[in-house]
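Here the structure comes first, spelled out in structure tokens, and everything after it is commentary.
Here, each number is a calculation from the coordinates, and none is a lab measurement. Since we're looking at a predicted model, the values are computed, not measured. Note that each Cβ is placed from the backbone with ideal geometry, even for glycine, and that neighbours are counted across all protein chains shown.
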């Protein structure tokens with residue numbers, strides 16, 4: 001699997017609180033985001049082996065793809081972040 005490009009401070013806390021199935025889903029979402037051409041039947045089979053049905057996998061792909069799409073549109077148009085969002089994606093302090 002491709003190495004995640006998400007910052008370590010983002011990845012590790014998420015992984016610490018998830019069960020194996022949800023970790024597999026996060027790994028799949030990261031791969032779909034950062035190395036989408038490397039996603040294939042083997043990755044789908046991993047999700048199935050963790051109990052995800054095809055409808056849930058389809059929903060996950062659509063949500064990940066939508067967020068990737070809309071972020072690229074915003075970046076491409078130079079849309080600024082809302083005032084309440086910090087550059088690292090966390091809620092910015094007010095004031």
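Ranked by the mean number of other Cβ atoms within 10 Å of their residues, highest first, the peptides 26-39, 62-75, 43-56 fall in the order 26-39, 43-56, 62-75. I'd like the distance between the alpha-carbon centres of the stretch 49-71 and the stretch 22-39, rounded to an integer number of Å. For the stretch 49-71 versus the stretch 22-39, the Cα centre distance is 10 Å. Working value for the stretch 8-77: equivalent-ellipsoid semi-axes of 21, 17, 11 Å, each the square root of 5 times a Cα gyration tensor eigenvalue, largest first.
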